[in-house]
Amino acid sequence: MVAVVGTYQNGYVKLDRNYTSEDPVKVIVTFLEEVQNTSEEVLSLSDFSFSKSQTNLENYNGSLSEAVIEDRRRDL
């Protein structure tokens, strides 16, 4: 894995140094500065409550892990 710093502006990433590859390379872009969310739906930390999840799943008899995996496979 190689890390190259760059700048994102108007849908484009400009790398601070050249990186050459003959084949396409997958990348991960991490925004280091706080970016204002333009989405109408905003999540907060309380949306990820473990106790709420337990309550929601108390009558579920299957495997949550299997359900998540199956859901992700459908999205592929």
Review point. With respect to the numbered conditions (1) among the acidic types (Asp, Glu); (2) assigned to a loop (DSSP other than H, G, I, E, B); (3) at pLDDT below 85, which one is the sole condition not fulfilled by GLU22?
Key: (3)
Practice item. Write out, first by first residue and then by second, each pair whose Cβ atoms fall under 6 Å of each other, whose residues are 6+ apart or on separate chains, and whose first residue, in segment 1-23, is closer than 20 Å to GLU34 by Cβ while the second is part of a loop (DSSP other than H, G, I, E, B). Key: VAL5/ASP16; GLY6/ASP16
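Is it the case that GLU34 is free of Cβ contacts under 8 Å to residues at least 12 places away in the same chain and farther than 18 Å from MET1 by Cα?
Here the answer is yes, as GLU34 does meet what is asked.
The values are calculated or read from the model by the stated rules, or taken from the named source; none is laboratory data. Owing to the predicted nature of the structure, the values given are computational and were not obtained by experimental measurement. Counting neighbours? That spans all protein chains shown, and the Cβs are built from the backbone with ideal geometry, glycine included.
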